[in-house]
1. What accessible area per residue comes out for the stretch 308-401, rounded to a whole number of Å², with a 1.4 Å probe?
2. Carbon and sulfur atoms: what percent of the 1.4 Å accessible area of the stretch 111-151 do they account for?
3. Taking only DSSP H segments of four or more residues, each worth -39500 (n - 2.57), what value at 222 nm results for the chain once the sum is divided by all its residues, to the nearest 500 deg cm²/dmol?
4. Average the reciprocal distances over every distinct pair of alpha-carbons in the chain, invert the result, and give the Kirkwood radius in Å.
5. Where a ≥ b ≥ c are the square roots of the eigenvalues of the C-alpha gyration tensor, would you call the stretch 394-437 rounded, which needs a/c under 1.5, or, failing that, prolate if a/b is larger than b/c, or oblate?
6. Taking the solvent-accessible surface of protein heavy atoms with a 1.4 Å probe, what is the per residue accessible area of the stretch 26-234 in Å²?
7. What's the center-to-center distance, using Cα atoms, between the stretch 38-117 and the stretch 387-437 in Å?
8. Around G113, with a cut-off of 11 angstrom between Cβ atoms, what is the net charge of the other residues, counting Lys and Arg +1 and Asp and Glu -1?
Amino acid sequence: MNTATAERLIRPAQNIFGSIRLPGDKSISHRYGMLAAFARGVSRFQNFSTGADCASTLACMTQLGASVSRLEDGTVEITGVGGQVRQPAAPLDCGNSGSTMRMLSGLLAAQPGEFTLIGDESLSRRPMERIRKPLTEMGAALTLTDGHAPLTLRGGALRPIDFTTPVPSAQVKTSILLAGLQTAGTTIVREAIRTRDHSELALRAFGARIERSMENGLNAVSVTGPQSLSAMEATVPGDISSAAFFLCAAALFPGSQLLIDGLGLNPTRATLLDALTAFGAQIAVLHLEEQNAELVGTVQITAPVEGIGTTEISGSLAAQLIDELPVLAAIAPYSRGGIRIRDAKELRVKESDRIALTVANLRAMGAEVTEHEDGLDVPGGQSLHGAIIDAGGDHRIAMAFSVAALRASGETLIRGSESAAISFPEFFEMLNFVAER
Ligand code: S3P
C-alpha cells in the first residue's frame, strides 16, 4: 500500500452511542517518554500513546542511549541515561512531531556534543526560531535552515535566563525548562496565557522541584538547576484531544449518549468541555481523581434535542483550544448558530495550515464559510454533502472531517487518512464502534 494516498470511506451515521476509553495523551506521553529516557533508573508506563509522534520521541531517545521496550501487556519500559546522553551516530529524526523537535532541543542544549535534528516535509516548514532565540540566549549554538529544521545544536554549559514567551507555546516553555533543569542558577519562563502544564507536573513526578507563580498577570514557572531526575511509574491518562473527535461527533446527534472514562482532564486541556457546553452540549463529569498530579475522570456527553447552538472562540480560549479548533469548526455547519473563531493565527503553522485546509474542506462539502487571517466564521443551519476530503498530511484534519462526514448526505472519502496514526492509530476503528448506522 502506498501510505501517502491511503483513503477511508465514511458513511453517514444515525447516532453516536457507547462507552470508550482512549489511548494515552500525546503531550503527556512525549514528556514521560523523554524524561524517563533522561532520568536515572527504569520507568514503566501503562496506556502510553500509540501514535507515531510519540514513537518518534522514543526513537530519538534510543539513539541518545536510552533503552525502550514494549512489554507483552503493552507497558512501555524505559531505562534512562542518568542525565548524560550518548552522542548519536545519525541525525535525530523527529518525523512529524513539533513537540519532539522543540522539547528535545532544550534537553540537548545543555548536553556536551553536537546534534542534528531533522523532520518530515511538514515539520521542516514549521517555525523553529521560537526555540533558537531563548536557547541561544542561554549560550547554546543553534543553527536553523532558513528558520526551520534541519537544525544543528552545539550544547554545553548554559546560563539561566528569564524569558517571556512572545507566542503562547507549551513546547517552547518546556524546551527552556529542560535546558534550565541542567543549568546552574534559576531559569524562569513567563507566559501571558497559561499553556498546558504537563511538563511542570511531569518534572515534579520525576522528582524535580519546579516553582509556579502569577506575577504581573503573567504565569511564571521557574526551575533552579542543576537537578537530576529519578525513574517513575504511571498510567497515561486518555487523550482529551483525541476525545474531542468523539465528543464533537456525539454533539451532532440529538439523543446520542457517549461515556469516556480514564480521560485526562488537566484544567489546561479541559477547556474543551467548557467550549462544548457553551456550544450547547450537555456534559457531566461523573468521576474525578488525581494520578501523578494529572486529573483523570469519566465524562458523559449528550446532545440536546434541538441541536447545539452557537459559540465564539477567541482570545486565550483560542490558544487553549488550538488543537480542537478544526473539529469544532467542522461540526459548526450543523449547529443552529455556527461558530466564530479568532486569535487563532497559530493554526496556520501547525502540521498544516489548518485554517486554509478547514475552509477548503468545509467548502468541498458544500458549506458556506468565511476565512480570516486568524480564524474563520462558519454559519449554522447548513446541510452538507459527502465529498472528497484532502487531509493534507494532517492527522487532525483527517479526523475532523471524518466527524463532519457523519452528518453529511452521502459518503465522504478521506484522502490521506493514514495521517490519523500520527496521534491516534485506532481512530477509524473506534469511530465505527460508536457510530450507529
Ligand atoms: C503541545 C503544545 C501545542 C499543541 C501541540 C502539543 C505540547 O503546541 O498544539 O499539539 O505537547 O506541548 P505549541 O507549543 O506550539 O502551542
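The values are calculated or read from the model by the stated rules, or taken from the named source; none is laboratory data. Keep in mind that what you see is a predicted model, and the values were worked out from it rather than measured. Glycine also receives a Cβ, built like all others from the backbone with ideal geometry; neighbour counts cover every protein chain displayed. Each accessible area value is taken on the protein alone, full model and side chains, heavy atoms only, with ligands, DNA and RNA left out. Shrake-Rupley method; radii C 1.70, N 1.55, O 1.52, S 1.80 Å.
1. Details: 2910 Å² over 94 residues.
Dividing the accessible area of the stretch 308-401 by its residue count gives 31 Å².
2. C and S fraction of accessible area: 53 percent.
3. That calculation yields -8500 deg cm²/dmol at 222 nm.
4. So the Kirkwood estimate lands at 21.9 Å.
5. Cα axes put the stretch 394-437 in the oblate bin.
6. Values: 7650 Å² over 209 residues.
With the other protein chains kept in place, the stretch 26-234 gives 37 Å² per residue.
7. Value for the Cα centre distance between the two parts: 29 Å.
8. +1
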